[in-house]
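Handing you this structure, nothing more for now.
Since every read-out is calculated from the coordinates, none of them should be taken as a lab result. In this text the structure is predicted, and so the values were computed from the model without any measurement. Cβ atoms come from the backbone with ideal geometry, glycine included; neighbour counts cover every protein chain shown.
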Amino acid sequence: MLESMGAPLPGETLLIATGLYCATTHKLNIVWVIVVAIAGAIMGDNVGYLIGRSLGSRALARWGQYIGLTKERLTLGRYLFHQHGGMVVFFGRFIAILRTFAALLAGANRMPWHSFLIFNALGSIGWAGGYSLAAYELGSEVERFSGPLGIAFGIAAITVIGSAFLFLKRNEKRLVAEAMQAAKAEQGTIEIGRGGASRS
């Protein structure tokens, strides 16, 4: 919930660790973990949305640097919401930078609340439920095996998951860099247009 409100906390890591803990110790019920995680993600995003909407883009531009919302990220956020809207809220849940700031940016950019709520809920279900359940299933499969076979299976599974995670992170950086270039180019075009209008 706190990460979704804008605090730079490791929500993704917490979901994976908790899913593995449920599978290996059976001291927590994975169903309730998923329910609480989804509820926390949805509530946090809605609070973040209200904060962003009440503060507005000017206040975020002035004070956002203190929570890691730099000028570049604000520019990126304005560009992405202008181009893609609800898809940013949904897929942003799976991207570290956007997951923390998507709700604040949605509110600051005046995204309609009903649209935000729908895409936010779908993204929260996919992210919190997906990560928790995947980690739980991995832990359950490893626990079923014993001895060298179980160790080999665990190493192979961790290698596959780690490779997929690194692939996503590398592409995340590339996509963010491309979006930043496009956002800066669009911002430059707008400023040129304004300059021409003022001269005329």
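Label residue 140 and residue 94 with points 7 Å out from Cα along Cα→Cβ: what is the distance between them in nm?
Placing both labels 7 Å beyond Cα along the Cβ direction yields 2.2 nm.
Enumerate by residue number the trypsin sites (Lys or Arg not before Pro) in region 32-138 meeting two conditions: DSSP loop (anything except H, G, I, E, B), and at most 16 other Cβ atoms within 10 Å of the site's Cβ.
In loop regions of region 32-138 (DSSP not H, G, I, E or B), the sparsely surrounded trypsin sites (Lys or Arg not before Pro) are 110.
Further question on the same structure: Show me 19-32, 39-52 ranked by packing, highest mean number of other Cβ atoms within 10 Å first.
39-52, 19-32
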